[in-house]
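Undergrad: What follows is a single structure, and I will ask about it in a moment.
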Amino acid sequence: MIPLPLLALLAAPPQVGPGGAVLREGCDQSSAGIAQLAPGTGVSIRFSMNGELGVCYKVQAAGRQGYLSAADLGGLDGFEQGRRSASPADSPSAPAAPRAAVRPAEAGIRLNGLASSTVREAMDLLDHHQPKQALRRLEWSLANEGRLNPLTLALAGLAAYQSDELARAAQYWRESLQIENNPSVARLLDRLTRESAADSGANVEHGERFRLRFDGGQIPAHIASAMLQALDAEYQRIDGQLGCGGNESITAIVLSRDAYKASSGGAEWSAAQYDGRIRVGMPDAAVVSPELRRRFAHEIVHACLARRGSFPSWFHEGLAQRYSGDRLTDGQKAEVRSALRDGRLPGLSALSGPWSGMSAAQARLAYDYALAAVETLAGDEGEDRIRDLIRNPASLTAAAARIVESLKR
């Protein structure tokens, strides 16, 4: 399961205003333009920050990421009201309800402060799930550009958290809160505190691509070594099929099912998740079972896609199932088709956000729908088309519409 990205914002998505806008590389007018956006183009806001022109927003729009000023956007009043009223239940530890009845609002963070070029580089690294490199840049900025910027401190905490440096993350978030009382950062610190209290994984081993953290009281050393071998093998297979990118090792945390549930804050039906780290609850005793390998593979797909760009949840979950070996039965396919024809399932675009608020029944149907969508895409247009879409996510909207029409037939 891939949860809500930690840098997403609570928002009924704003739109480009009536005059259109230029998506830029930075928060100043001298920044190069990336794309011309037509009036009414929907945008997904990643975070807000202060630039020389006032508040600006890093957004995803028309398959591209860049910056827009507040003046470029309509619908910000509702966005800001939703962000200010976000409750702990809306925080990343308990993401929004699914969109079948899926709320358009997503929970997350607003980070305030001025960003230097070094900090902006770190933001881009975080967007592509390279937290260790981001942390190095942010710590350089704190040492050389000043330690009193709450944005830099908050981002350093996020980079440390995704690097599994929990004590450093807590320290940076506390420092940020001493400068600015930001509810989003406070929620993240609260989440980390609860996670740390329940996380029993104190043992670490290193493999070719992974840093494995585990509870040595539950998992013997020879089993941990076998887990590392399984992780490395699954990564090599999936990298060859999808292309993962990035050169950082990935932290994988394997805990007992109870410890995983208590520390992850995931949905009751969740068995694993990727939040910059792969976190897995053991399905059986301390053995490398086929089910554990399947969970590893599923989350590795999420990690690979996260490094390549920003993709909708249905694409994430469909690929994660397909490349971890799941296949739909004829009965499951028929149920998805029937639900689409009857209007009980929305278009795929409605399943772009987080799924953690789903009931078990909703989740089962959503996962089947996502897998049916990817199977249909591969059947209709070939496996190479999947790799094309990973390279060009702007084409996913049109592909999703074709898939839905094909599934209805």
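Undergrad: Being free of Cβ contacts under 8 Å to residues at least 40 places away in the same chain and not charged (D, E, K, R) is the filter here; which residues of the stretch 248-270 pass it?
TA: Residue satisfying the conditions is Tyr260 alone.
Undergrad: Here is a further query. Name the one entry in Val287, Val301 that is modelled with pLDDT under 95, outside the structural domain of Leu348 (by TED's automatic domain parsing) and of a type in the set (A, V, I, L, M, F, W, C).
TA: Checking each option against the conditions leaves just Val287.
Undergrad: Go through the stretch 38-80 and report how many residues are assigned to a strand (DSSP E or B) and at pLDDT 80 or above.
TA: Residues in the stretch 38-80 being assigned to a strand (DSSP E or B) and at pLDDT 80 or above: 5 in total.
Undergrad: From Arg344, Arg385, which residue is over 15 Å from Leu319 (Cβ atoms), basic (Lys, Arg) and either more than 21 Å from the chain's Cα centre (by Cα) or not assigned by TED's automatic domain parsing to the domain that holds Tyr274 (or both)?
TA: Of Arg344, Arg385, the one residue that is over 15 Å from Leu319 (Cβ atoms), basic (Lys, Arg) and either more than 21 Å from the chain's Cα centre (by Cα) or not assigned by TED's automatic domain parsing to the domain that holds Tyr274 (or both) is Arg344.
Undergrad: Moving on to the next point. Can you work out which of the residues in the stretch 329-339 that are under 29 Å from the mean Cα position of the chain (by Cα) and of a type in the set (A, V, I, L, M, F, W, C) is surrounded by the most Cβ atoms within 10 Å (Cβ to Cβ)?
TA: Among residues in the stretch 329-339 that are under 29 Å from the mean Cα position of the chain (by Cα) and of a type in the set (A, V, I, L, M, F, W, C), the one surrounded by the most Cβ atoms within 10 Å (Cβ to Cβ) is Val336.
Undergrad: Can you find even one residue in the stretch 251-272 that is aromatic (Phe, Trp, Tyr), modelled with pLDDT under 90 and not assigned by TED's automatic domain parsing to the domain that holds Ala363?
TA: Checking the stretch 251-272: at least one residue is aromatic (Phe, Trp, Tyr), modelled with pLDDT under 90 and not assigned by TED's automatic domain parsing to the domain that holds Ala363.
Undergrad: Just the residues that are polar (S, T, N, Q), assigned to a loop (DSSP other than H, G, I, E, B) and under 11 Å from Trp314 (Cβ atoms), please, taken from the stretch 347-368.
TA: Ser352
Undergrad: Here is a further query. Only residues that are touching a helix residue (DSSP H, G or I) at 6+ places or on another chain (Cβ under 6 Å) and acidic (Asp, Glu): list them for the stretch 176-219, please.
TA: Result: Glu180, Glu195, Asp199, Glu205, Glu208.
Undergrad: Moving on to the next point. Taking Gly245 and the conditions (1) more than 30 Å from Arg385 (Cα to Cα); (2) touching a Lys or Arg at 6+ places or on another chain (Cβ under 6 Å); (3) not acidic (Asp, Glu), which numbered condition does it fall short on, given that it satisfies the others?
TA: (1)
Undergrad: So, in the stretch 355-364, exactly how many residues are out of contact with any helix residue (DSSP H, G or I) (no Cβ under 7 Å at 6 or more places or on another chain) and not small (Gly, Ala, Ser)?
TA: Residues that pass the stated criteria total 2.
Undergrad: Quick one: which strands (runs of 3 or more DSSP E) lie wholly within the stretch 221-328 and hold at least 2 residues that are buried (at least 18 other Cβ atoms within 10 Å of the Cβ) and not aliphatic (A, V, I, L, M)?
TA: Once the strands (runs of 3 or more DSSP E) in the stretch 221-328 are filtered for at least 2 residues that are buried (at least 18 other Cβ atoms within 10 Å of the Cβ) and not aliphatic (A, V, I, L, M), what remains is 272-274, 278-281.
The values are calculated or read from the model by the stated rules, or taken from the named source; none is laboratory data. Computed from a prediction, not measured in an experiment: that's the story for all the values here. Backbone-built Cβ (ideal geometry, glycine too); neighbour counts: all protein chains shown.
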